[in-house]
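Note sheet for the following structure.
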Amino acid sequence: MGQRELRRVRRIALALPEVNERLSHGEPCFFVRDKRPLCYFHDDHNGDGRISLWCPAPPDLQEELVSTEPERFFKPPPSASGVFAGWLGVFLDLSGPDGVHWDEISTILEEAFRMVAPKSLIAELDAR
């Protein structure tokens, strides 16, 4: 269902320094140096019928986007251990004027990268 969206997320995420992709909990996930999760791609997660991206986000950004544009952004449900509590969810299956803004997705993923990547990789990104 969401193969086109996954290809776009993959292109953005894998362009960041030392990011790789593998399945995690049955979903495509992108990691920095195969350790720190950068984002999860969800296609019909737990039968929700949606295509979405989950990634770490600064708390103020998560709150702002979720409160001002709930049709586009959401707070992912935290796992039992609390993972995802501070993450941002982005719906990738929208169309029309509220559709997906891929430049914005790129910016969101770069901010997530800056939150989880080591300083040396952030410096590499900044040098590009």
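Here are some notes:
- For the chain, adding -39500 (n - 2.57) for each run of n ≥ 4 DSSP H residues and dividing by the number of residues yields -11000 deg cm²/dmol at 222 nm.
- Segment E64-R36, length gained on full extension (0.36 nm per residue, minus Cα span): 7.6 nm
- Largest first, the residues E63, E110 sort by 1.4 Å accessible area into E63, E110.
- Net charge of the neighbourhood of D43, taken over other residues with C-beta under 14 Å away and scored Lys/Arg +1, Asp/Glu -1, is 0.
- Solvent exposure of segment 1-52 amounts to 56 Å² per residue of accessible area, where only protein heavy atoms count and the probe is 1.4 Å.
- Solvent-accessible area, 1.4 Å probe, carbon plus sulfur percent, for segment 1-67: 49 percent
The values are calculated or read from the model by the stated rules, or taken from the named source; none is laboratory data. Computed from a predicted structure; not experimentally measured. Quick reminder, even Gly has a Cβ in these numbers, built from the backbone with ideal geometry, and neighbours come from all protein chains shown. In case anyone asks, the SASA skips ligands and DNA or RNA and just uses the protein heavy atoms, side chains included. Shrake-Rupley method; radii C 1.70, N 1.55, O 1.52, S 1.80 Å.
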